[in-house]
């Protein structure tokens, strides 16, 4: 047991740094740093660079397009991309439905869907939550009735992130209304251009259009787009949720976030000294670094367990709880640090607008980001649901 | 980077765990505390001779098993699981650490005695006015011919009543809080002029106030390294108690889980209540983070001093906070029975509570971390 990088690891680290320096799209530099809203084109331009290099899916098995990196190399990759503030790609294809397809899909399904996820040509969204089924996801009511070789789907999904841009969606639907809740659900892949699908925006507190309502009226889905067996969709759903939770810790990004807060606190004045000299503010930063370090090493221990053959289990709920809390505390500290200039609402520049926004650059999106980040303890199974999972699956209560 | 234990390390853990399961159940431990020495010296002897594992962190040339800080962490975690009253921290981690780092004839002579179970070392570093500042030392070592004369008062010296040797910090020069002039001495615990006032501690140990009344010590008692070495030893000891905290906190959680699965109120086991389930889920989260931080601190021990200190302080601050949470909630969840001496849980709580402030509270360590890394 040790923390050292081998000469090969150090060479890899250098290779990654050089690659990012030479290939990260110039117009994206600093964009995430300012907390700017990112467009689909932004995500795609970085996605395409990585896809071309073959580095788009480090977590995938090599046979499906993974990189074959060691755990240490994956760690280096996430550290280096966060350090360079590379934008974080959308998880729906790469981290969610991709692993479900290569784990549960037929050879035909793998051949049809995995290449588009890797290339970025196909964008995915997630049809899980419904207006009446949030934390109690298994109570979902969107139903799919088999009619010949097609399912006819009717119902409503909500909180569907990026549905306005998605080409395909993966949906949990009820195929057996008479079975026990979890045993009547199937996992369907749905072409978002199918007639009968309506996407309506939901605007969140920071002014963003990230999430949507998705209405499905007599949407016909070929039966070959069902992943795994009929009424076994909950198995895929649980698998996906456990995968989602590990990535959700966001350690490397939060490390960078702390450095950003420190920079702001060295710039902002409190009396005749920097804010960072304020003992109370400084203590909050130290406590955040402490908790982030504890999270980082918990994740490293968990990854070591995974590479020893243990898949991401229910203990990944721990990573979700602490990771999301830390992300929120970061945005809270940033908002506190910018002081008065947290208040002006900057909507971004209009066409040909050369007016300078109010206040320092780092303040523009402090409040919207704070508001937006309240989502992290709610999505992916709220932190209360994660505690239920720990209580039942880990502690046997 | 590698997070797996070697086979030898797994074996060390299993060997010790099996031995302690047989010899250190709660009732037996309770009886040990009532003996005149406040412990069963046969256990220490068995660890040395029967199991041969007191040499875990020592080099093979000294008769050790060739391990290091990780082996100490493993030992401390297992000792923590039974809240063992054994001077492993004082003798092997701190005393042994001082000998390993300084080397030479003294190490050649004393390390084999530690491994054989003959030498017990107590670490006399704290002083009544000093809190956790290692340079806040008034005990003096005045040069006198070829040797020194020790004078002063050392506070709460754990394991001193059992010790064959004392590892003492004392000032050979400089003013009372200066780093310069603080030195380390390894001396015979029975030298004339050493006066002890012995007492039990709340967590089951034996400790002493130690008074040095013009104690003449030989010149070769000085262990070279000064304050830098003392800081290193205390950092090593700090992560060792983080390892112990890992064992203690796991048992606090396990005990609470067992209890809430049995204890019935309102017609069902109280572990069925969501408010308690979530609290225990939070305890689990804290226990895992204690384990992570103990490991992080241990793995960072061989980095440069500034990085090492910052890492150790982050580890101890988190461990103290988490241990506080786990311990207090273990007692609360047990209800009234938790505050009696009848159940083991309260005794784990007592040791855990002492670990919180041992070698520095959470606030002390956050302050040290800030001084090292958060300059404005």
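The values are calculated or read from the model by the stated rules, or taken from the named source; none is laboratory data. Worth saying up front: this structure is predicted, and the values here are computed from it rather than measured. Don't worry about glycine lacking a Cβ; one is built from the backbone with ideal geometry, like all the others, and counts go over all protein chains shown.
Going through region B:288-305 one residue at a time, which ones are within 22 Å of the chain's Cα centre (by Cα), surrounded by fewer than 24 Cβ atoms within 10 Å (Cβ to Cβ) and more than 8 Å from chain A (Cβ to nearest Cβ)?
Matches in region B:288-305: B:301, B:302, B:303, B:305.
Test each condition in (1) under 20 Å from the mean Cα position of the chain (by Cα); (2) assigned to a helix (DSSP H, G or I) for residue B:360 and report the one that comes out false.
That leaves (2) as the condition not met.
Please state which of the following conditions residue B:150 fails to meet, knowing it meets all the rest: (1) outside any loop (DSSP other than H, G, I, E, B); (2) surrounded by fewer than 21 Cβ atoms within 10 Å (Cβ to Cβ); (3) outside the structural domain of residue B:346 (by TED's automatic domain parsing).
(2) is the only condition that residue B:150 fails.
Kindly list the number of the only condition in (1) surrounded by fewer than 16 Cβ atoms within 10 Å (Cβ to Cβ); (2) farther than 17 Å from residue B:375 by Cβ; (3) over 21 Å from the mean Cα position of the chain (by Cα) that fails for residue A:202.
So the condition that residue A:202 fails would be (3).
Being within 28 Å of residue B:198 (Cα to Cα), within 14 Å of chain A (Cβ to nearest Cβ) and buried (at least 19 other Cβ atoms within 10 Å of the Cβ), is that true of even one residue in region B:58-73?
yes
Go through region B:71-104 residue by residue and tally those that are in a loop (DSSP other than H, G, I, E, B) and in contact (Cβ under 8 Å) with a residue 12 or more places away in the chain.
Count: 6.
Please enumerate the residues belonging to region A:268-286 that are more than 7 Å from chain B (Cβ to nearest Cβ), out of contact with any strand residue (DSSP E or B) (no Cβ under 9 Å at 6 or more places or on another chain) and farther than 29 Å from residue B:289 by Cα.
Answer for region A:268-286, where residues must be more than 7 Å from chain B (Cβ to nearest Cβ), out of contact with any strand residue (DSSP E or B) (no Cβ under 9 Å at 6 or more places or on another chain) and farther than 29 Å from residue B:289 by Cα: A:269, A:270, A:271, A:272.
Might you check whether a residue that is surrounded by 19 or more Cβ atoms within 10 Å (Cβ to Cβ), in contact (Cβ under 8 Å) with a residue 40 or more places away in the chain, under 19 Å from the mean Cα position of the chain (by Cα) and facing chain A (nearest Cβ under 9 Å) occurs anywhere in region B:320-331?
Scanning region B:320-331, I find at least one residue that is surrounded by 19 or more Cβ atoms within 10 Å (Cβ to Cβ), in contact (Cβ under 8 Å) with a residue 40 or more places away in the chain, under 19 Å from the mean Cα position of the chain (by Cα) and facing chain A (nearest Cβ under 9 Å), so the answer is yes.
For region B:155-169, give me each residue that is out of contact with any helix residue (DSSP H, G or I) (no Cβ under 7 Å at 6 or more places or on another chain) and either farther than 17 Å from residue B:192 by Cβ or surrounded by fewer than 19 Cβ atoms within 10 Å (Cβ to Cβ) (or both).
B:155, B:156, B:157, B:161, B:162, B:164
Please go through region A:73-122 and give me each residue that is more than 17 Å from the chain's Cα centre (by Cα), at pLDDT below 95 and not in a helix (DSSP H, G or I), ordered by number.
If the condition is that a residue be more than 17 Å from the chain's Cα centre (by Cα), at pLDDT below 95 and not in a helix (DSSP H, G or I), then A:84 is the only one that fits.
Considering A:289, A:306, which residue is within 8 Å of another protein chain (Cβ to nearest Cβ) and in a helix (DSSP H, G or I)?
The conditions single out A:289.
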